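Okay, structure first, notes after.
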Amino acid sequence: MEPQLPHSPGAHSSGAEEPKPWRRGRRIAVDVGDARIGVASCDPDGLIATPVETVPAGGRSQARLKAIVEEYEAIEVVVGLPRSLSGKEGPAAEKVRGYAGRLAALLAPVPVRLVDERMTTVTAAQGMRASGVKAKKGRAAIDQAAAVVILQSALEAERVSGRAPGESVAAVG
């Protein structure tokens, strides 16, 4: 019996759709909170996500996010969608969906996508504590770190699947 050769990356034994090539360009991730909004970006090749800033939540937050998207020439914005551990959506997710819809209207034609953000703030806070940052002093940094975790997760999902991560957001006026 002859040994089986490993499947080449482009080979398909089923009629599954081919993954699309990597969409080169910077992405912006947003972690929306009641008081603060953490923002992160990545390099055009999507290798490394880095913190950008913490934007105060409220009336002027979307204008600031638009300025960041323009400054970074982003091809896409990913917004973390808070879900419970079981995957259910509650009032926080409803708020974020509304915020993302208004942001999509403001940023068009730059697409906005919602991605699952379960555990990102916890992961970010643990990382900050491990680095010696105190909780009170580190809140703004934790929001940025959560945005980094959201973006890294979205980038990895796209790399693995060959498709844009999460769900597309329709603009809401």
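Per-residue extension of 0.36 nm, minus the Cα-Cα distance of Arg102 and Ala57, leaves a gain of 14.8 nm for this segment. Distant-in-sequence amide contacts of Glu76, defined by a placed amide H-H separation under 5 Å and a gap of 5 or more residues or a different chain, comprise Ile28. Taking region 54-82 and a reference point 7 angstrom along Cα→Cβ of Ala157, the backbone N atoms nearer than 12 Å belong to 78-82. Couplings for region 139-155, taken from phi via the Karplus curve 6.51 cos²θ - 1.76 cosθ + 1.60 with θ = phi - 60°, read 4, 5, 5, 5, 4, 5, 5, 5, 5, 4, 4, 4, 5, 4, 5, 5, 4 Hz in order; Gly and Pro are left as x. Here region 142-173 is scanned for amide nitrogen atoms under 20 Å from the site 7 Å beyond the Cα of Ala35 along Cα-to-Cβ, giving 142-148.
Distances between placed amide hydrogens fall under 5 Å for Asp116 paired with Leu81, all partners being 5 or more residues away or on another chain.
Per-residue 3J(HN,Hα) values for region 52-59, derived from phi via the Karplus relation 6.51 cos²θ - 1.76 cosθ + 1.60 with θ = phi - 60°, read 10, 5, 10, 9, x, 5, x, x Hz in sequence order (x marks Gly and Pro).
With 0.36 nm allotted per residue and the present C-alpha distance subtracted, the Trp22-Ala67 stretch has 13.7 nm of extension available.
In a DSSP loop and with at most 11 other Cβ atoms within 10 Å, the trypsin sites (Lys or Arg not before Pro) in region 43-88 are Arg60, Lys88. Close amide H contacts of Ile37 (hydrogens built in the peptide plane, cut-off under 5 Å, sequence separation of 5 or more or a different chain): Val55, Ala57.
Just so you know, all these numbers are worked out from the coordinates, no wet-lab data involved. All values derive from a computational prediction rather than experimental measurement. Cβ atoms come from the backbone with ideal geometry, glycine included; neighbour counts cover every protein chain shown.
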